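To start, the structure itself, in C-alpha cells.
The values are calculated or read from the model by the stated rules, or taken from the named source; none is laboratory data. It should be emphasised that the depicted structure is a prediction, and the values quoted were computed from it without experimental measurement. Backbone-built Cβ (ideal geometry, glycine too); neighbour counts: all protein chains shown.
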Ligand code: AMP
Ligand code: MN
Ligand code: MN
Ligand code: MN
C-alpha cells in the first residue's frame, strides 16, 4: 500500500502529522508521503511517528503554482526538508496567504457572510490559511452541506469568496523540488478542467522544465480518468504516481488505504527509489 499524497494540520488536514501517520498505518498503508500545501513543517514529527509504526515516510510537499492564470499543484517527493532554498521558497509562497484570506473574508462580507476570517483563522491555528478552512466555516454555518458543495457555491472563480492570487511559477516550483533532491509530480491533473490542447501544452512544458511524473490514481480522479491520465503519462514518457489526497474525516476525496493499483501501462514514480527495494523484496 503506497500513498504519495496526504495532508496534516500543518496545512488543511485535520490530523496532526503523528496522528496522520498512525491513521495511515492502521489502514494498511506501508509507504506514506506527507505533502502539506507549501509547508514542510510537519515532516520531522511524521518521520518519528513512521519509525514508531514501522512504515516508510516519504518527505513531500504540495506547491501552489500559477500557470497561464490557473492554479496548479505540484507535488515534490523525496525533497530534503533541511534545504534552505526550499524552506525560503515555501515561506515566500505562504506569505501571500494571509492577505488573500483577508480579501476572501471581505468578499464574503459583501455577500452578507460575517466573521469568516476569524473562524477560518481559529481552524487554522498555527497552519497556513486555505480555502478549506473557509469551507469548514461555511459548512458549519449551514451555507452548504459539505465542502464539495461549498466550494462550488462560494470558493471557486466567479463566486463570492474567490480571490485571484498569484502563486509560484511552474518553473520555480519544479526547480525548488529538484534542487532539494526531489522529483516533481503534477498533482490531480483531471481536476483542473483543462481542455486537451492545453493539457498537451502543460504536460510538454512540465516535462521540459524537469517534471518527472503525473498523478494517475488520486482521490480526485474518476476510474475513467485513471485510464485517461495513464495514457497521457505514456504519451509524454512521464512516470505515474498515486495518492489519496487524504485531508481528514468528512473533508477528503477518498479514505486512506483504499487506492486501486496503477493501470498496467504505467511506470511507477517509485520505480528507482532505494527506499522501496527492501519493501518490495519483503
Ligand atoms: P487553497 O490552496 O487555499 O486555494 O485551498 C485549496 C484546497 O481546498 C485544496 O487543497 C483542497 O483541499 C480544497 N479544495 C479545493 N477545491 C475543492 C473542491 N472542489 N472540493 C473540496 N475541496 C476542495
Ligand atoms: Mn488541501
Ligand atoms: Mn491539490
Ligand atoms: Mn493535496
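Output the residues belonging to segment 234-255 that are under 16 Å from the mean Cα position of the chain (by Cα), within 26 Å of residue 205 (Cα to Cα) and more than 10 Å from ligand 2 (Cβ to nearest atom). Reasoning before the result, please.
In the first step, residues of segment 234-255 are kept if they are under 16 Å from the mean Cα position of the chain (by Cα); the result is 240-248, 251-255.
Then drop every residue that is not within 26 Å of residue 205 (Cα to Cα), which leaves 240-245.
240, 241, 242, 243, 244, listed by residue number.
Kindly provide the set of residues from segment 18-33 that are without any contact (Cβ under 8 Å) to a residue 40 or more places away in the chain and touching a strand residue (DSSP E or B) at 6+ places or on another chain (Cβ under 6 Å), ordered by number.
Passing the criteria: only 32.
Look at segment 118-138 and say how many of its residues are more than 24 Å from residue 42 (Cβ to Cβ) and surrounded by 15 or more Cβ atoms within 10 Å (Cβ to Cβ).
Residues of segment 118-138 that are more than 24 Å from residue 42 (Cβ to Cβ), as a first pass: 118, 138.
Subsequent filtering for residues that are surrounded by 15 or more Cβ atoms within 10 Å (Cβ to Cβ) retains 138.
Residues in segment 118-138 being more than 24 Å from residue 42 (Cβ to Cβ) and surrounded by 15 or more Cβ atoms within 10 Å (Cβ to Cβ): 1 in total.
Have a look at 238, 202 and point out the one that is in contact with a strand residue (DSSP E or B) (Cβ under 8 Å, 6 or more places away or on another chain), within 16 Å of residue 170 (Cα to Cα) and more than 16 Å from ligand 4 (Cβ to nearest atom). It would help to see each step written out before you state the result.
On the way: 238 fails: within 16 Å of residue 170 (Cα to Cα).
Checking each option against the conditions leaves just 202.
Restricting attention to segment 122-144, which residues are more than 9 Å from ligand 1 (Cβ to nearest atom) and either within 19 Å of the chain's Cα centre (by Cα) or assigned to a loop (DSSP other than H, G, I, E, B) (or both)?
Within segment 122-144, 123, 124, 125, 126, 127, 136, 141, 142, 143, 144 meet the criteria.
Inside segment 30-66, can you point out the residues that are more than 18 Å from residue 278 (Cβ to Cβ), away from ligand 4 (no atom under 16 Å from the Cβ) and buried (at least 21 other Cβ atoms within 10 Å of the Cβ)?
Residue satisfying the conditions is 49 alone.
Give me a count of the residues in segment 235-282 that are free of Cβ contacts under 8 Å to residues at least 24 places away in the same chain and farther than 21 Å from residue 190 by Cα.
Within segment 235-282, residues that are free of Cβ contacts under 8 Å to residues at least 24 places away in the same chain and farther than 21 Å from residue 190 by Cα number 7.
Report those helices (runs of 4 or more DSSP H) wholly inside segment 1-120 carrying at least 1 residues which are within 16 Å of ligand 2 (Cβ to nearest atom).
17-26, 84-95, 97-110
Does residue 147 satisfy being within 20 Å of the chain's Cα centre (by Cα) and in the same structural domain as residue 252 (by TED's automatic domain parsing)?
No.
Output the number of residues of segment 13-28 satisfying the condition of being within 16 Å of ligand 4 (Cβ to nearest atom) and buried (at least 24 other Cβ atoms within 10 Å of the Cβ).
Of the residues in segment 13-28, 4 are within 16 Å of ligand 4 (Cβ to nearest atom) and buried (at least 24 other Cβ atoms within 10 Å of the Cβ).
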